[in-house]
Amino acid sequence: MAQGRVLATNRKARYDYHIEEVFEAGIALTGSEVKSLREGRANLKDSYAALERDGVYLLNCHVSPYAPANRLNHDPLRPRKLLLHRHEIRGLIGKVQEKGLTLVPLSLYLKNGRVKVELALARGKKQYDRREDLKRRVQEREVADALKKVQRS
């Protein structure tokens, strides 16, 4: 879904969660945050989105301060409002409250000059699910290596 230049990714999200549905959301930022993001200075590692009465907010997303902005800089961990349509927010509220799902950001990217967030509706994985995923990846890698050896000879 991410079109344009990817600014930051949450690499552990697909490891820690089963992704059920993916959304694209805009994000309300200050000028210094946009400039810092364009330099690739963001971290989505432990970030998540929370539903509040006046909208959806991205929490724990670290956007480093932009050095030339000095005293007009932003707080690196401030909550940032996600821009979604009202009907999308209503649908998310129902799914998060009823099914016990979490909103996890997968990536930040530029699309037509605007910063967008790829947001996933996700269910947490258990430890055994993670082990199964690792085993499956190792098996796929071994099969691919075996096919390469056969093709070479």
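What follows is calculated from the coordinates using simple rules that are stated; it is not laboratory data. This structure is a prediction, so every number in the text was calculated from the model and none was measured. Reconstructed Cβ throughout: ideal geometry from the backbone, glycine too, with neighbour counts over all protein chains shown.
Derived from the Cα gyration tensor, the three semi-axes of the equivalent ellipsoid of the range 1-78 are 23, 15, 12 Å, largest first. Once the Cα-Cα distance is subtracted from the 0.36 nm per residue extended length, the Lys12 to Val150 segment shows a gain of 46.3 nm. From largest to smallest, the equivalent ellipsoid semi-axes obtained for the range 65-125 from the alpha-carbon gyration tensor read 29, 14, 12 Å. Rg and Dmax of the chain, both derived from C-alpha coordinates alone, stand at 18.5, 64 Å.
The distance separating the Cα centre of the range 41-75 from that of the range 103-153 comes to 25 Å.
In this simple spin-label approximation, Leu83 and Lys45 carry label points 7 Å from Cα along the Cα→Cβ vector, and these lie 3.0 nm apart. Once the Cβ-Cβ distance of Glu24 and Asp129 is raised to the sixth power relative to R0 = 25 Å, the FRET efficiency obtained is 0.40. If the limit is 18 Å between Cα atoms, which of Lys81/Lys116; Lys45/Lys135; Lys12/Lys111; Lys95/Lys126; Lys12/Lys35 go over it? With Cα atoms farther than 18 Å apart: Lys45/Lys135; Lys12/Lys111; Lys95/Lys126; Lys12/Lys35. Run the paramagnetic zone check for Ile93: 7 angstrom along Cα to Cβ, then residues of the range 40-59 with backbone nitrogen under 13 Å. Only 51-56 pass the distance filter.
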